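Asks: First the structure, which I've put down as structure tokens, then a few questions once you've had a look.
The values are calculated or read from the model by the stated rules, or taken from the named source; none is laboratory data. Treat the numbers as computed from the prediction; the structure is a model and nothing was measured. Using ideal geometry, Cβ is built from the backbone for each residue, glycine included, and neighbour counts are taken over all protein chains shown. These accessible areas exclude ligands, DNA and RNA; they are computed on the full protein's heavy atoms, side chains included. Shrake-Rupley method; radii C 1.70, N 1.55, O 1.52, S 1.80 Å.
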Amino acid sequence: MDNRDIENKLKESAEQITVKDFSERWNNIKDNITSAEEREILVESPVFATNEETITRNSDAKKRNSLIIVFSLFAFLIVALAVILPLTLRNKEPAYFGPSDLTHVFPDGKEQFFETIENAGYDIIDLSRYETEECVLFYETIGGELKGGELSVIDVERGFICQIEFYDNSIKLSEGFIDGNETYAVGSTVIEYGTQFDGDLYTTNALTKHKNIQYKIIYMSLVDDCTQIFEELFS
């Protein structure tokens with residue numbers, strides 16, 4: 001059989017094929033298509049499966065992620081505190097000055113002197129029994145805040161002069177002021193002092209802190225009796 005005979009046979013077979021309508025063909029294949037789509041959904045979306053092991057695994061993953069977030073925040077807070085806290089504490093530290101950083105102001109009389117230090121909250125030792133002279137107020141040069149004061153106590157009959165300086169705790173008193181290492185206690189107040197004799201006068205330099213105020217004292221007397229004046233000033 002040659003090629004033409006084969007071609008004629010194929011045409012005759014094609015004319016005898018009956019094509020089924022669409023509804024009949026759809027009924028035959030729709031179940032297969034629906035089953036395939038359901039299988040695809042199950043493969044792509046395993047999260048919605050009701051398998052108990054899958055649900056447990058997703059729950060564990062959520063807990064692990066939550067713990068990671070909590071630990072990350074905790075670590076961040078530790079780092080932040082390590083940086084911020086030292087800066088905060090440093091800013092709260094008082095600024096220290098020396099006596100040379102202060103401006104000396106002479107008040108208009110002793111009454112104004114004592115009124116000024118009282119209004120500033122300074123509870124200094126009682127000097128009402130003595131004659132006081134040369135009163136000076138010490139102010140911070142830049143800020144203008146009162147930092148202390150100075151006055152002299154004189155007792156001609158007993159033969160002594162006592163120069164008293166007082167400061168708040170922001171003032172660092174100069175080192176080397178005391179020539180000696182003696183101490184004397186009046187109650188809870190401990191006084192460091194040293195006494196020198198130059199042939200005419202006994203000169204005592206002393207430092208102490210009493211009721212949260214620092215005192216720097218130079219006591220000059222005809223006799224060696226500095227402990228007596230300490231008792232009078234701080235008792």
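Quick grid of which residues meet (1) open to solvent by 30 Å² or more (accessible area, probe 1.4 Å); (2) more than 26 Å from Leu201 (Cβ to Cβ); (3) in contact (Cβ under 8 Å) with a residue 60 or more places away in the chain:
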residue: Pro107; (1), (2), (3): no, yes, no
residue: Asn119; (1), (2), (3): yes, yes, no
residue: Tyr130; (1), (2), (3): no, no, no
residue: Asn169; (1), (2), (3): yes, yes, yes
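Asks: So is Glu115 surrounded by 11 or more Cβ atoms within 10 Å (Cβ to Cβ), in a helix (DSSP H, G or I), out of contact with any His (no Cβ under 8 Å at 6 or more places or on another chain) and of a type in the set (Asp, Glu) or not?
Replies: The answer is yes for Glu115.
Asks: Scanning for something within 19 Å of Asp168 (Cβ to Cβ), of a type outside the set (Phe, Trp, Tyr) and in contact with a Ser or Thr (Cβ under 7 Å, 6 or more places away or on another chain), does segment 114-133 turn up at least one residue?
Replies: no
Asks: Being over 17 Å from Tyr219 (Cβ atoms) and assigned to a strand (DSSP E or B): is that true of Val136 here?
Replies: Yes: the conditions hold for Val136.
Asks: Continuing with the same structure: Residues to consider are Glu182, Glu192, Glu231; find the one that is within 22 Å of Asp168 (Cβ to Cβ), surrounded by fewer than 19 Cβ atoms within 10 Å (Cβ to Cβ) and of a type in the set (Asp, Glu).
Replies: Within the list Glu182, Glu192, Glu231, the selection yields Glu192.
Asks: Something else: Just checking: which of the strands (runs of 3 or more DSSP E) contained wholly in segment 151-235 hold 2 or more residues that are closer than 29 Å to Gln112 by Cβ and modelled with pLDDT of 95 or more?
Replies: Those strands (runs of 3 or more DSSP E) span 160-167, 202-210, 213-221.
Asks: Which condition from (1) open to solvent by 40 Å² or more (accessible area, probe 1.4 Å); (2) among the charged types (D, E, K, R); (3) assigned to a strand (DSSP E or B); (4) out of contact with any Gly (no Cβ under 9 Å at 6 or more places or on another chain) is the one that Lys147 breaks?
Replies: Of the numbered conditions (1) open to solvent by 40 Å² or more (accessible area, probe 1.4 Å); (2) among the charged types (D, E, K, R); (3) assigned to a strand (DSSP E or B); (4) out of contact with any Gly (no Cβ under 9 Å at 6 or more places or on another chain), the odd one out for Lys147 is (1).
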